[in-house]
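Only one structure is covered here, and it is reproduced in the block below.
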Amino acid sequence: MCVAQAYFARVNRITIAVDGFSSCGKSTLAKQLAGHLGYTYIDSGAMYRAVALYVMENGLVKDGKLDREGLLRVMDGIDIRFQHDPLANKSVTTLNGRNVEERIRSMEVSNHVTLVSPVPEVRAKLVKLQQAFGREKGVVMDGRDIGTVVFPDAEVKLYMTARPEVRAQRRYQELKGKGAEVEYASVLENIRQRDLDDTTRKADPLTKAPDAFEIDNSDITAEEQFVKALDIVLEVLARVGQE
């Protein structure tokens with residue numbers, strides 16, 4: 001990024017919302033943009049995963065069903081934050097003071113996210129937290145409803161998508177790389193189920209904001225995707241700087 005671009009990013013701080021389907025590279029892109037622009041990255045999906053981990057660890061799921069009333073009774077006691085890990089040199093998710101960054105990325109947690117994410121009270125609490133995190137601008141946040149609910153006035157809205165089979169293969173390779181014993185078929189099934197749940201839930205379903213830029217990354221590299229997204233951001237930054 002040239003000196004002029006860096007100046008625009010620093011002085012004309014904006015909010016960047018990255019929405020899209022599961023395992024389509026939202027977090028990767030959001031982290032790239034945040035690092036490049038010197039912005040704060042916030043992983044909204046990690047917050048829902050942390051709630052899912054909480055219900056798993058506290059007996060609030062039985063026979064695949066969520067104890068909704070039990071969860072609502074303890075929601076005020078669930079504290080989710082993002083802290084810098086100096087050893088890993090990255091931001092990590094904490095649940096009631098405990099680093100759960102690795103734990104929330106497991107397939108087991110993935111299979112429980114759709115139990116908690118549709119609950120309106122859960123979404124309302126997390127949206128308030130997310131909006132508080134981004135109040136000072138200079139933020140990149142990814143999720144399912146960032147451009148439509150959390151930051152409807154975001155200057156840049158990106159909507160990420162890719163074919164389910166492509167996303168499943170990427171997720172499968174990621175999990176195998178971490179030593180997880182998983183089958184591609186089960187990962188694909190999880191992806192399709194999450195797509196259905198995300199787009200049909202009553203509370204804040206995944207939809208493309210009318211003013212969002214859509215990027216289908218089925219057949220492009222992460223670097224090509226980053227360049228395309230950065231061009232969009234820089235164009236908006238230049239426009240904001242002229243207003």
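The values are calculated or read from the model by the stated rules, or taken from the named source; none is laboratory data. Nothing here was measured: the structure is a model prediction, and the numbers come from that model. No Cβ is skipped: glycine too gets one built from the backbone with ideal geometry, and neighbour counts run over all protein chains shown.
How do the pairs read when you match residues in segment 118-146 that are more than 21 Å from Q83 (Cβ to Cβ) with residues anywhere that are aromatic (F, W, Y) and assigned to a strand (DSSP E or B), using Cβ under 9 Å and keeping only pairs 6 or more apart or on different chains?
Note: no pairs meet the criteria.
How many of the residues in segment 183-208 are over 16 Å from the mean Cα position of the chain (by Cα) and either small (G, A, S) or surrounded by 16 or more Cβ atoms within 10 Å (Cβ to Cβ) (or both)?
7
Quick one: R163 ticks every box in (1) within 26 Å of V127 (Cβ to Cβ); (2) touching a strand residue (DSSP E or B) at 6+ places or on another chain (Cβ under 9 Å) except a single one, so which number is it?
With (1) within 26 Å of V127 (Cβ to Cβ); (2) touching a strand residue (DSSP E or B) at 6+ places or on another chain (Cβ under 9 Å) applied to R163, the lone miss is (1).
Tell me whether segment 152-159 contains one or more residues that are among the aromatic types (F, W, Y) and at pLDDT 90 or above.
yes
For segment 37-58, does any single residue satisfy the condition of being in a loop (DSSP other than H, G, I, E, B), among the small types (G, A, S) and either touching a Leu at 6+ places or on another chain (Cβ under 6 Å) or farther than 16 Å from D142 by Cβ (or both)?
Checked against the condition, which is being in a loop (DSSP other than H, G, I, E, B), among the small types (G, A, S) and either touching a Leu at 6+ places or on another chain (Cβ under 6 Å) or farther than 16 Å from D142 by Cβ (or both), segment 37-58 yields at least one hit.
Out of the residues in segment 38-92 that are without any contact (Cβ under 8 Å) to a residue 24 or more places away in the chain and in contact with a His (Cβ under 8 Å, 6 or more places away or on another chain), state the one that is nearest to R105 (Cα to Cα).
Per the stated criteria, the residue is V92.
Out of (1) under 25 Å from P210 (Cα atoms); (2) surrounded by fewer than 17 Cβ atoms within 10 Å (Cβ to Cβ); (3) touching a strand residue (DSSP E or B) at 6+ places or on another chain (Cβ under 9 Å); (4) not acidic (D, E), what's the single condition that is false for A124?
Exception for A124: condition (3).
Is it true that some residue in segment 109-117 is farther than 21 Å from L72 by Cβ and either surrounded by fewer than 19 Cβ atoms within 10 Å (Cβ to Cβ) or modelled with pLDDT under 95 (or both)?
yes
Looking at segment 113-143 only, could you name the residues that are of a type in the set (D, E, K, R) and either within 20 Å of L206 (Cβ to Cβ) or in contact with a Pro (Cβ under 8 Å, 6 or more places away or on another chain) (or both)?
Hits for segment 113-143 are E121, R123, K125, K128, D142.
Pairs under 8 Å by beta carbon, first residue in a helix (DSSP H, G or I) in segment 174-189, partner of a type in the set (S, T, N, Q), six or more apart or different chains?
Matching pairs, first to second residue: Y184/Q169.
How many of the residues in segment 210-223 are of a type outside the set (A, V, I, L, M, F, W, C) and closer than 19 Å to A34 by Cβ?
Of the residues in that region, 2 qualify.
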